[in-house]
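Data block below; observations after.
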Amino acid sequence: MSDVRHVLVLPDRDAAEEVAEELADRFGVAEEPQLVRDALAGEDDAEDAQWLVVVEDAAGRLDPAALDEFAAGYDGWLEKP
């Protein structure tokens with residue numbers, strides 16, 4: 001089975017950091033999620049940036065629907081592959 005990568009899109013850095021910390025507790029994610037600032041196209045203002053939390057799921061055991069619902073609690077969503 002190929003590696004699966006889940007990308008959660010969050011509205012700001014604080015939400016992304018909370019989600020990254022919570023993933024280990026809620027979903028048993030062992031590997032540290034990667035936080036990535038995603039500036040919206042054409043926007044220079046840092047306030048208009050979304051943050052991505054990239055979760056490696058080598059075993060393919062994370063439920064995308066559960067991740068999407070979890071991210072929604074932080075006004076975010078799971079990016080569709």
Here the gain from full extension of Ala66 to Glu31, 0.36 nm per residue of separation minus their alpha-carbon distance, amounts to 10.8 nm
Note, region 4-18: 3J(HN,Hα) by Karplus (6.51, -1.76, 1.60, θ = phi - 60°), whole Hz, Gly/Pro = x, goes 10, 10, 9, 10, 9, 9, 10, x, 7, 5, 4, 5, 5, 5, 4
The base-10 log of I(q)/I(0) that the Debye equation returns for the chain at q = 0.14, 0.22, 0.27 Å⁻¹, one scatterer per C-alpha, is -0.43, -0.98, -1.38
Over the chain, the sum of -39500 (n - 2.57) across DSSP H runs of at least four, divided by residue number and rounded to 500 deg cm²/dmol, gives at 222 nm -9000 deg cm²/dmol
Relative contact order in percent for the chain (Cα pairs under 8 Å, 6+ apart) equals 46
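None of the figures in this text is laboratory data; all of them are computed from the coordinates on show. Keep in mind that what you see is a predicted model, and the values were worked out from it rather than measured.
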